[in-house]
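A short write-up of the structure that comes next.
The values are calculated or read from the model by the stated rules, or taken from the named source; none is laboratory data. This one's a predicted model, so the numbers in the text were calculated from it and none came from an experiment. So basically every Cβ, Gly included, is an ideal-geometry build from the backbone, and we count neighbours across all protein chains shown. Just so you know, the surface numbers come from the protein's heavy atoms only, side chains and all, with ligands and any DNA or RNA stripped out. Shrake-Rupley method; radii C 1.70, N 1.55, O 1.52, S 1.80 Å.
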Amino acid sequence: MDEINDRSTHAGALVVFGATGDLAHKMIFPALHAMASRGVLTVPVLGVAASGWSLDQLREHARDGIEQAGKTDDRAALDRLLSLLRYVDGDYHDPETFLKLKQALGETRHPAYYLAIPPALFGTVIKGLGETGLAGQARLIVEKPFGRDLASARELNRIALSAFPENAIFRIDHYLGKEAIMNILYFRFANAFLEPIWNRNSIASVQITLSEDFGVKGRGAFYESAGCLRDVIQNHLFQIVALLAMEPPAYQGYGAVHNEKAKVFQAMRPLHPNDMVRGQYRGYLDEPCVAHDSDIETFCALRLFIDSWRWAGVPWYLRAGKCLSTTAAEILVELKPPPQRLFDDSAPEAGRANYLRFRLSPNSAVALAARVKRAGKEFVGDQRELYLSEEQAGAEMPYERLLSDAMAGNGALFTREDAVEAAWRVVDPVLEMHPKVQPYEPGTWGPAAADELIRAHGSWHNPSLEAPNTPADTRNGKASSH
Ligand code: BG6
């Protein structure tokens, strides 16, 4: 999927703004360590922050992050990474900081600037880079959230594009770097058998669940400004929808994939408050930095429509939440039942119709469920899964993959300006106008109203942590498997 663009030259350095912060500690340093371990990190890594730290303190911060991520096996890689680290201390509002950075970069070609900083500072840093002449022939890597609504996303894009061309901007949505999610694109278009059924004629509905069995984990302040819809649905889940719903790319190259994904967001119907259920786990109000009367959702379920030729009339149900029953992510593509009910145990009366299930986490798998006759003179059977497990040892972790790609100038797994804005256009109407949150008990599947939302098309498929090959639907008694 490589596409030659004029920035395909490898970055001569990685500059991490916010290097002393949490994201760098938890994600970036462990990813850099993995890259060093694979031998693909050979250029200097310059940390920039206004913490008043020394280089040794930054090294300690990096070492600690890597150890806490459980990466203690490759000491040589750790030493290599630490020897590549540099540190520039300074306030982002002070032009002197950028002059110091310029000096530290010297003749470095194509530096990649990673903004691991609050979005409110993006503009200041991008302006500083531009004014110091540091933006030319360089790359910009930004983290989600890309704005908090359509207007702020446009503003953010405007600021980034004032100093960097679109093909030099790498917007990270780490879901796009996950193997199981990359496999959606591959599985759909590397196999021809799917295409004839992959549309409104054969598909009854699509569900995507991203559930986590833990709360906001001390990120109350962030959650109060975001909520579940902004945190994981408008980005991670929407990206999954786009990969499932897109038309085949017209040619080999990531530009073609970006075009088709953007069209899916453009065809999504803007959400209406009736298409949404918001929940809040009991106990959220006691989290640090959370308002005592907060109406922020920690659970969100949506009914979404894509008004395109392929998907007209097919509902897409998305659901995500904290403090739910389990930590897992799955897609269930439910197929229509046979047109005639020839057997007493046919769907939908006897349970879920045939489906395709993509297990995204904690393990990766694809399953196709079909009914098979049970031995005996009765024409009754069970829904059984053809199950493909795709666990592969040694797969790159998302941040490792995405950082390596951005440094190499490969934009395949990043999101494009038009797609980001089109996705915000879909959620914009319900960011302010929405139903109130409904409380739910931790360890459940969220408020009961979410079940009502999907009722017209059956029930939610709850991903389980049980051993692979045990489809969830065989345990609810609807369609038993032996
Ligand atoms: C992040 C969200 O983007 O994604 C978190 O901010 C969420 O709230 C996380 O927990 C989920 O990512 P993953 O890779 O653990 O499924």
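For Thr298, are the conditions met, namely being open to solvent by 10 Å² or more (accessible area, probe 1.4 Å) and either more than 16 Å from the ligand (Cβ to nearest atom) or of a type outside the set (Asp, Glu) (or both)?
Spelling it out, it is not the case that Thr298 is open to solvent by 10 Å² or more (accessible area, probe 1.4 Å) and either more than 16 Å from the ligand (Cβ to nearest atom) or of a type outside the set (Asp, Glu) (or both).
Can you name the condition, by its number, that Ile159 falls short on among (1) touching a residue at least 40 places away in the same chain (Cβ under 8 Å); (2) among the β-branched types (Val, Ile, Thr); (3) part of a helix (DSSP H, G or I)?
If we test Ile159 against (1) touching a residue at least 40 places away in the same chain (Cβ under 8 Å); (2) among the β-branched types (Val, Ile, Thr); (3) part of a helix (DSSP H, G or I), just (1) comes out false.
Of all residues in the range 180-200, count the ones that are among the aliphatic types (A, V, I, L, M), out of contact with any Ser or Thr (no Cβ under 7 Å at 6 or more places or on another chain), part of a helix (DSSP H, G or I) and closer than 21 Å to Gln239 by Cβ.
5
Please determine, by comparing only the residues of the range 195-219 that are open to solvent by 10 Å² or more (accessible area, probe 1.4 Å) and more than 12 Å from the ligand (Cβ to nearest atom), which one is farthest from Pro442 (Cα to Cα).
Pro196
Quick one: what pairs do we get from the range 88-112, first residue closer than 24 Å to Asn410 by Cα, second among the basic types (Lys, Arg) and open to solvent by less than 80 Å² (accessible area, probe 1.4 Å), C-beta under 8 Å, 6+ apart or different chains?
His110/Arg7; His110/Arg139; Pro111/Arg139; Ala112/Arg139
Identify all residues within the range 43-71 that are assigned to a helix (DSSP H, G or I) and open to solvent by less than 50 Å² (accessible area, probe 1.4 Å); write none if there are none.
Residues satisfying the conditions are Leu58, His61, Ala62, Gly65, Ile66.
I need the full set of residues from the range 72-88 which are surrounded by fewer than 19 Cβ atoms within 10 Å (Cβ to Cβ) and either outside any helix (DSSP H, G or I) or touching a strand residue (DSSP E or B) at 6+ places or on another chain (Cβ under 6 Å) (or both), in order please.
Once the filter is applied, which keeps residues that are surrounded by fewer than 19 Cβ atoms within 10 Å (Cβ to Cβ) and either outside any helix (DSSP H, G or I) or touching a strand residue (DSSP E or B) at 6+ places or on another chain (Cβ under 6 Å) (or both), the range 72-88 yields Thr72, Asp73, Asp74, Leu84, Arg86.
How many residues are within 21 Å of the chain's Cα centre (by Cα), among the basic types (Lys, Arg) and open to solvent by 20 Å² or more (accessible area, probe 1.4 Å) when one looks only at the range 153-174?
Total meeting the criteria: 1.
I'm trying to understand the selection: among the residues of the range 312-341, which are crowded, with 21+ Cβ neighbours inside 10 Å, assigned to a loop (DSSP other than H, G, I, E, B) and within 12 Å of the ligand (Cβ to nearest atom)?
Residues satisfying the conditions are Lys322, Cys323.
Return the total of residues in the range 132-152 being away from the ligand (no atom under 16 Å from the Cβ) and either within 21 Å of the chain's Cα centre (by Cα) or hydrophobic (A, V, I, L, M, F, W, C) (or both).
Here the count works out to 8.
Could you grab me the full set of residues in the range 34-57 that are within 27 Å of Phe222 (Cα to Cα) and of a type outside the set (A, V, I, L, M, F, W, C)?
Correct list: Gly47, Ser51, Gly52, Gln57.
For residues that are outside any helix (DSSP H, G or I) and in contact with a His (Cβ under 8 Å, 6 or more places away or on another chain), scanning just the range 109-143, find the one that is farthest from Tyr399 (Cα to Cα).
Gln137
Considering only residues that are free of Cβ contacts under 8 Å to residues at least 60 places away in the same chain and more than 11 Å from Gly215 (Cβ to Cβ), which ones fall in the range 269-295?
Asn274, Leu285, His292, Asp293, listed by residue number.
Only one of these is more than 19 Å from the chain's Cα centre (by Cα) and assigned to a helix (DSSP H, G or I): Ala256, Ala242. Name it.
Criteria check complete, one pass: Ala256.
Taking the stated definitions as given, is Ala375 open to solvent by less than 10 Å² (accessible area, probe 1.4 Å) and more than 30 Å from Arg278 (Cβ to Cβ)?
When the stated conditions are applied, Ala375 does not pass them.
All but one of (1) surrounded by 15 or more Cβ atoms within 10 Å (Cβ to Cβ); (2) within 25 Å of Phe299 (Cβ to Cβ) hold for Pro362; state the number of the condition that does not hold.
(1)
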